[in-house]
Every structure is written in C-alpha cells, then in structure tokens.
1. Just a yes or no: is a residue in region 127-137 outside any helix (DSSP H, G or I), free of Cβ contacts under 8 Å to residues at least 24 places away in the same chain and more than 28 Å from the chain's Cα centre (by Cα)?
2. I need a count of the residues in region 311-349 that are in a helix (DSSP H, G or I) and modelled with pLDDT under 80.
3. Quick check on residue 57: is it of a type in the set (Lys, Arg) and either assigned by TED's automatic domain parsing to the domain that holds residue 210 or surrounded by fewer than 11 Cβ atoms within 10 Å (Cβ to Cβ) (or both)?
4. Assess whether residue 82 counts as being free of Cβ contacts under 8 Å to residues at least 60 places away in the same chain and buried (at least 16 other Cβ atoms within 10 Å of the Cβ).
5. Looking at this structure, is residue 40 under 24 Å from the mean Cα position of the chain (by Cα) and without any contact (Cβ under 8 Å) to a residue 40 or more places away in the chain?
6. What is the residue count in region 107-124 for residues that are more than 25 Å from residue 203 (Cβ to Cβ) and surrounded by 14 or more Cβ atoms within 10 Å (Cβ to Cβ)?
Amino acid sequence: IPGAPQAAVLFGALLLHGLRPGAELFTGHGAEITYTFILSLFLANAMMFAIGISASRIYARALNLPTNLLMPVVLALSVVGAFAGRNSPFDVGMMLVLGLIAYAGVKVGLAAAPIALGVILGPIMERGLVESMMLSRATGSLAELLFTRPLSLFLVFLTVVSVGWPFILKYWARLRGKTPDETNEAKPEANGKSGVVSHAAANIWLGIPGLGLSALTFSRLTDVELQTAVVPGVCAGMIALVSVGLLAKAAILRAQGAETVAPVASKADRGPALAALGIAVGYVALMPYVGFFVTTFIVLVSLGWVLASPDTRRKQLVRNVLTAIFVCAAFYGVFAEIFNVPFPEGFLF
C-alpha cells in the first residue's frame, strides 16, 4: 500500500509495465526488471549530481518562466500522460474532473493525495473483492468469509481504526483543550487572496455534485453484472454518504452561525480563472474530434492570452504563438517520433 502520493505514482508506473507491487517484484521475471530499475536509480543519481553541479544556474532560470506560458504546457503534458495509459479520451476527462475536485478540496482543507492513492489501490481492491465474492459462493456467505477469520478480522479492525483516527484526534484535542492548529489538522489553503468563500457554501458546492455523480453511477449500473458493479456501487454509495455529510455540516454551520471562511481568488482574478477553466474543458472535449496538435496550439495561445496581464497581452501575442509552435513541434518530435507515444487523432492534425 503506497504511503505517499510519490509512492502511488511509482506503483502506477510499475502496474503500467505489468508488474504488481509486492513480493512478486523480487521473484521470477519481475526481479530482473526490479533490480535493473534499482541499479538505474544509482546511475541516475550520479548523473543528476554531475548535471546539477554543472548546469544548476541554467535550470534555475525555469523559475522565471511566465506563468501564462508554463501552465498551458503543464496542462498539455497532463493530457498526454492521461491519454497514453489506455489511449482513452475518457481518461483525459477523468483527469480534468479529478484535478478540479482536488483543487476545490484543497481550498476547504481536504487532502488531494487520496485521489492518487485511489487510482492505484482501486484495481487491487476490486480484484480482491471479486475474488472474495467468488470464494464466498463456496462457503455460502461473504460475511462469514470476511468476519470469521483472524487475519481478515485484524485487517477490518485496522481499517476501522484508520478511518476513525482523525475523529479520535479531535476528541483528544477537545479533552486537552487544544486548538486544531496544535493537532496538525488539515487547514484550508491560505494564499493571500482577498476573496473568501464560507465553508458552508464550499460544502454545498462539493456535496451537490457528489450526489449527482452518485446518482449517475447508480443509474448506469442497473444492467451491469453484480461482480462488475459491486465496487463502483460501493464507491458511489460512499461518495453519497460523504456528500450528505457535507450538506449536513453546511446546514449545521449556518444554523449555529459558526461559519468559517476559506480564501479564494479575488474578483479581479475570477474572470481569467473562469475563462481558463472553460478553455481547459473545451480542450478536453474537442481534442478527440479535432486532433491533439491543433487543439493544443489553440489552447497554448489562448491560455497565454487569458492568463497574461491585460497591459501586456498584445505585446506577448507573437511570443505566445512562437511558443505554441515550438511546444507542439517538441511534443511531436520527442513523444511521437522517439518514444512512440500515441496522441488523440481527429479530423485535423
């Protein structure tokens, strides 16, 4: 089980290459790849040390790159990475949706790391649950299979403790008279912006889409086999419970008059932010039909324009166009020609 987002990304890379994290990595065919990978890390660190000593001043200049040019490039790289896994435009859309949910969650103190962990642990959990259901047919009861064996009972106990641990910490903090800051409780991101939104409103904005997503999932699972639908159904049920909890908390905060606020973008920055969001959604929606490179070029130029300062937009237009041409050419030369990474193809290039 990965203990950090970085470990989750590493596990995901192993799964893409057909390697299942665990003891199998060090036996049989997996051992050859694993020990080769470990040796490559030693060599990579030695090379990174040499390159860092000699070229750190050059790389440090990347911090001075304009944000309006850097963000579209990061978005394009994210699209390439999401699409390359299964060559599916749906994965790209899911990447954008999860990114927006994580961004909204950070604003109200919810950690984004569990999303990365869920992407890695989801298939493993689904496979294990389906196997348990198949074994339960032999024993006659899934509950008997899960709750009568010492090992399974111990794992269930650890799961319950892990889920309830934050609530235990809060209870201990109240007994000791400590504040949330002293218990390292997750706090909303404070970025110095002048705009604020109440936590009650934020909970409503997260809870209502969550209920809608759960309802949509349940409606799509009506004609699906039980073994295929059990994990999505359980996840949709948990999302519904969390959404109901958020809405209930919002109602309690407003009834008690104890609302707190979380910082968001000011009104001056809200327009460009919404425009950038619209461009990103249009990028993901039109890319499978128009083509990756045409839509990426348009997004690089348009996002560079929207995110730039209003006083410098016209001056930076030529630079944005040249940057878009260079980035698209680099993507094609590096990913398509050298690494043979597939790109979404539409009626244009």
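The values are calculated or read from the model by the stated rules, or taken from the named source; none is laboratory data. Everything numeric here is computed off the predicted structure, so don't read it as measured data. Cβ coordinates were reconstructed from backbone atoms using ideal geometry, including for glycine residues, and neighbour counts include every protein chain displayed.
1. No, region 127-137 contains no residue that is outside any helix (DSSP H, G or I), free of Cβ contacts under 8 Å to residues at least 24 places away in the same chain and more than 28 Å from the chain's Cα centre (by Cα).
2. First, the residues of region 311-349 that are in a helix (DSSP H, G or I): 313-338.
Okay, now just the ones that are also modelled with pLDDT under 80, so none.
Of the residues in region 311-349, 0 are in a helix (DSSP H, G or I) and modelled with pLDDT under 80.
3. Yes, satisfied.
4. Numbers: free of Cβ contacts under 8 Å to residues at least 60 places away in the same chain: yes; buried (at least 16 other Cβ atoms within 10 Å of the Cβ): yes.
In short, yes.
5. Working: under 24 Å from the mean Cα position of the chain (by Cα): no; without any contact (Cβ under 8 Å) to a residue 40 or more places away in the chain: yes.
For residue 40, the condition - under 24 Å from the mean Cα position of the chain (by Cα) and without any contact (Cβ under 8 Å) to a residue 40 or more places away in the chain - is not met.
6. 3
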